[in-house]
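Undergrad: There's a structure below that I have some questions on.
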Amino acid sequence: MHEKGLKISTLRAISKNIANLPKAASWSGFFSGLLVVFVSLTGPIAILYQAVQAADLSVELTNSWLLAIFMGSGLFALLMSLRFGIPIIGSWASTTTALLITGLVDHPFSEVIGAYFVASVILMVIGYTGIFSKLMQSIPHAVIMAMLAGVLLTFGVKIFSSTQINPILGVSMLLVFFAAKAIRFRAPVVLSFVVGVVVVALQSKINIPEVKLSIATPVWTNPTFPVGAFFTLTIPIVLLIMTSQNAPGIALLKAVGYTPPINTIVHFGGFLSLLGSGFGGSGVNLSSITASIAISEESDPNPDTRYFAGVVAGLAYCVAAIFAGVFSSLFGSFPGELTAVLAGIALLPIITTSLVDAMEIKDYRDSAVVTFLVTISGVSAFGVGSPFWGLIAGVIVHQLQRLSR
């Protein structure tokens, strides 16, 4: 296992890895780092824009949200990669952003901001105390994955309801996505996005915006902290970040031979999330999807210099953050069917994984199915939404079944 940087003081490790950057630099690592960010600027942004439309946020708040998540992801990747000499890629969680599609219907934006504040503090505590593994075992993994599948189901369904509205667009994007996956193209979502933009352009359904390279301005939103939002938003956010982002991201790093600094990853992500929460930042965490681009041998055959890709990704995210308004303008010009299909396609791998994990172990299938059905039902009680009640229902069913064994 590669343990580079784990036992060296922070400043010394960062200085050493900065000094070694010229030797670590490679064209493959450079393009891999850029590709990480480019992929994030397609599907994940489409998911975020769905949430923006659900909340009917102003352009200023949208730009601030993008600024916060881009800058947070950039600083996470840049500082962590330099500290540990490992390609540690930051991102915002598409799954928690997806949760806001329904969450913003029942909660004003200030309550969402409050939920992210509290979730960030909880993640910092988890990281500092080192109880990540214990918490992961407290709720059955199958139940959490069933809740995630329920939250994301609407995105998968919208692929086909939007395809009914614009068949040429939907079918072409789907065909290109699955064809690209079949030939193991590194970024099938990007290729699908490009084809989608070409189709709507040919159909004259895209309003080309006047793009200005203006610097994005952070906008502060005062958080509010109702009890209902804690159960509907905060708890699911924490669980989704730990299970759908940090846990698989850590597993990816281990799979290629690295020893990831688990506690530092969790608490530093929570710290950056806390800093960005008031400006709309929907959390910063370890990437579980785009990370595979930077940590593979295709990025750099040498694992000791592969951290260069993480540094490039971090810097590219920071540049994107400064000009966040450009991406807001671009996605605002796309027809709703394009962003809906793109968001669904981007989440298809996660939907598949969550359903497989939920049903994989026979002893957990009943509790997983109950969780899934309660989550998609949209039921609420005492100001608390269906994702929380899905978790509760699944845990109860699981415990009852344990009594009979």
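The values are calculated or read from the model by the stated rules, or taken from the named source; none is laboratory data. Just so we're clear, the structure is a prediction, and the values are computed from it rather than from any experiment. Cβ placement follows ideal geometry from the backbone for every residue including glycine, while neighbour counts extend to all protein chains displayed.
Undergrad: Go through the stretch 100-117 residue by residue and tally those that are among the aliphatic types (A, V, I, L, M), closer than 19 Å to Val151 by Cβ and at pLDDT 80 or above.
TA: So the count comes out to 3.
Undergrad: Now for a separate question. Against the definition (of a type outside the set (S, T, N, Q) and surrounded by fewer than 20 Cβ atoms within 10 Å (Cβ to Cβ)), how does Glu297 come out, yes or no?
TA: yes
Undergrad: Please name all residue pairs, on different chains or six or more residues apart, with Cβ atoms under 6 Å, provided the first residue is in the stretch 141-160 and is more than 19 Å from Gly385 (Cβ to Cβ) and the second residue is of a type in the set (Val, Ile, Thr) and in a helix (DSSP H, G or I).
TA: Within 6 Å, the pairs are Gly156/Ile351; Ile159/Val341.
Undergrad: Continuing with this model, one more query. May I ask you to verify whether Phe268 is surrounded by 21 or more Cβ atoms within 10 Å (Cβ to Cβ), at pLDDT 85 or above, hydrophobic (A, V, I, L, M, F, W, C) and under 24 Å from Ala68 (Cα atoms)?
TA: yes
Undergrad: Please state which one of Ser204, Ser299 is in contact with a Phe, Trp or Tyr (Cβ under 9 Å, 6 or more places away or on another chain), of a type in the set (Ser, Thr, Tyr) and at pLDDT 80 or above.
TA: Just a single option satisfies the conditions, and that option is Ser299.
Undergrad: I'd like the residue in the stretch 361-370 that is touching a helix residue (DSSP H, G or I) at 6+ places or on another chain (Cβ under 9 Å) and surrounded by fewer than 22 Cβ atoms within 10 Å (Cβ to Cβ) and, out of all such residues, is farthest from Val194 (Cα to Cα).
TA: Applying the filter and picking the extreme gives Asp363.
Undergrad: Of everything in the stretch 329-340, what is in contact with a helix residue (DSSP H, G or I) (Cβ under 9 Å, 6 or more places away or on another chain), surrounded by fewer than 24 Cβ atoms within 10 Å (Cβ to Cβ) and small (Gly, Ala, Ser)? Give them in sequence order.
TA: Ser329, Gly332, Gly336
Undergrad: Do we have Ile322 as modelled with pLDDT under 85 and either within 22 Å of Ile350 (Cβ to Cβ) or not hydroxyl-bearing (Ser, Thr, Tyr) (or both) here?
TA: Taking the combined requirement at face value, the residue does not satisfy it.
Undergrad: Looking only at the stretch 41-93, which residues are outside any helix (DSSP H, G or I) and among the β-branched types (Val, Ile, Thr)?
TA: Scanning the stretch 41-93 gives Thr42, Ile86, Ile88, Ile89.
Undergrad: Go through Ala358, Ala393, Ala343, Ala324 for me and flag whichever is more than 23 Å from the chain's Cα centre (by Cα) and either over 19 Å from Ala46 (Cα atoms) or crowded, with 18+ Cβ neighbours inside 10 Å (or both).
TA: Answer to the selection: Ala393.
Undergrad: Quick one: is Gly270 within 30 Å of Ile139 (Cβ to Cβ), in contact with a strand residue (DSSP E or B) (Cβ under 7 Å, 6 or more places away or on another chain) and small (Gly, Ala, Ser)?
TA: For Gly270, the condition - within 30 Å of Ile139 (Cβ to Cβ), in contact with a strand residue (DSSP E or B) (Cβ under 7 Å, 6 or more places away or on another chain) and small (Gly, Ala, Ser) - is not met.
Undergrad: Can you name the helices (runs of 4 or more DSSP H) wholly within the stretch 285-362 that have at least 1 residues being over 23 Å from Leu82 (Cβ atoms)?
TA: Passing ranges, in order: 324-332, 336-359.
Undergrad: So how many residues does the stretch 69-81 have that are crowded, with 24+ Cβ neighbours inside 10 Å and out of contact with any strand residue (DSSP E or B) (no Cβ under 8 Å at 6 or more places or on another chain)?
TA: 4
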